[in-house]
Amino acid sequence: MSNATAETRRPAPGTGQLLAPLGLLAAVAILSTHHDGLPFWLGALTGTVSVLGYLACFDSPRGIWQWLPALVGFCAAFLFAGQFLMALPA
């Protein structure tokens, strides 16, 4: 017998939900110290891929254990955007 109202619970965050905020934090760390050259572009690429991963992984977080990495990733995305814009050459 199937229940149409049953929802799948995912209390623990998945691998992607952990890697996206960690990638964003890594990109922020790279961009805060390197403002030109290959490290800058690798940090920018890491941040861009992590933002896309964040948008894909956190379309609908369920439970507190998924909301916590979503909140960290949301804040890290703003930090990444700020670091990227400050590092762009004028």
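Read-outs throughout are calculated quantities, based only on the coordinates presented, and are distinct from any laboratory measurement. All values reported here derive from a predicted model rather than from experimental measurement. Ideal geometry is used to build each Cβ from the backbone, glycine not excepted, and the neighbour counts take in all protein chains shown.
Pairs of Cα atoms nearer than 8 Å and 6+ residues apart set the relative contact order; for the chain it is 41 percent. With a cut-off of 20 Å on the backbone N, the residues of region 52-90 near the modelled label site 7 Å out from D36 along Cα-Cβ are 83-90.
Which angle between 0 and 90 degrees, to the nearest 10, do you get for helix 64-87 versus the longest principal axis of the chain when only C-alpha atoms count? Tilt relative to the chain: about 20 degrees.
Each stretch of four or more DSSP H residues adds -39500 (n - 2.57); spread over every residue of the chain, this sum gives -24500 deg cm²/dmol at 222 nm. Computed over the chain, the P(r) tail beyond 23 angstrom holds 33 percent of alpha carbon pairs.
Stretching the chain fully between T15 and F74 yields a gain of 19.6 nm (0.36 nm per residue, less the alpha carbon separation).
For the listed peptides 21-27, 59-65, a ranking on the average number of other beta carbons within 10 Å per residue, highest first, reads 21-27, 59-65. Taken along the Cα-to-beta-carbon direction at a fixed 7 Å, the label points for W67 and L45 span 3.7 nm.
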